[in-house]
Amino acid sequence: MTTHSAVAPATVKVLLVEDNAADARLVMEFLLEAEPHRFEVTHAPQLGRALENLHAGGFNAIVLDLGLPDSQGLETLVRARAEAPGAPIIVLTGLDDESTGIQAVLNGAQDYLVKGAVTAQLLRHAVVYAVERANVAAAARDRDERFRQLTENMTEVFFVLDALFR
């Protein structure tokens with residue numbers, strides 16, 4: 001059983017999946033201009049290369065463009081989610097479409113940001129908050145698993161009463 005901290009790590013390791021070199025440079029500048037050593041960014045220009053990086057592990061978050069040479073649209077998110085089910089994914093795309101954004105969130109994205117509207121501060125906050133939410137969710141899963149194991153291994157019966165019975 002793994003224990004998770006509900007605090008973002010000192011250095012947030014981000015996998016940036018972006019095929020446009022200028023957009024990738026801008027995103028890296030946005031993240032790396034934060035306080036020293038806050039973010040460590042690995043860039044993958046295609047989903048295939050990103051999936052190889054994900055197999056190696058160690059990423060706290062993924063910043064993902066939906067339009068890549070080897071994958072388009074929400075399928076890009078679905079494939080990334082399948083490879084890294086626990087990693088928070090922030091979609092950063094040029095498509096300013098609310099219904100696609102909602103579908104992205106329903107498919108597991110932590111956030112949906114539009115390239116032309118994103119600022120350095122917004123991107124940094126989105127990444128850090130996504131990591132925090134993922135850590136809190138993982139800690140809750142660990143707590144639930146410990147409780148499940150405890151109750152399955154009990155040999156005595158017990159009752160839980162709440163404030164309604166006082």
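The values are calculated or read from the model by the stated rules, or taken from the named source; none is laboratory data. All values reported here derive from a predicted model rather than from experimental measurement. Neighbour counts run over all protein chains shown; Cβ positions are idealised from the backbone, glycine included. Areas reflect the complete protein model, heavy atoms only, side chains present, ligands, DNA and RNA absent. Shrake-Rupley method; radii C 1.70, N 1.55, O 1.52, S 1.80 Å.
Can you pull out every residue in region 32-49 that is among the charged types (D, E, K, R) and at pLDDT below 90? Explain how you work it out, then say what you get.
At the first step, the residues of region 32-49 found to be among the charged types (D, E, K, R) are 33, 35, 38, 40, 49.
Listed by number, the residues that qualify are Glu33, Glu35, Arg38.
Whether any residue in region 77-90 is in contact with a helix residue (DSSP H, G or I) (Cβ under 8 Å, 6 or more places away or on another chain) and over 19 Å from Ala134 (Cα atoms) is what I want to check.
So far as region 77-90 goes, no, none of its residues is in contact with a helix residue (DSSP H, G or I) (Cβ under 8 Å, 6 or more places away or on another chain) and over 19 Å from Ala134 (Cα atoms).
Within region 16-35, which residues are surrounded by fewer than 18 Cβ atoms within 10 Å (Cβ to Cβ), over 13 Å from Gly94 (Cα atoms) and touching a residue at least 60 places away in the same chain (Cβ under 8 Å)?
Listed by number, the residues that qualify are Glu29, Glu33, Ala34.
Of all the residues that make up region 151-166, how many are assigned to a helix (DSSP H, G or I), open to solvent by less than 100 Å² (accessible area, probe 1.4 Å) and modelled with pLDDT of 70 or more?
1
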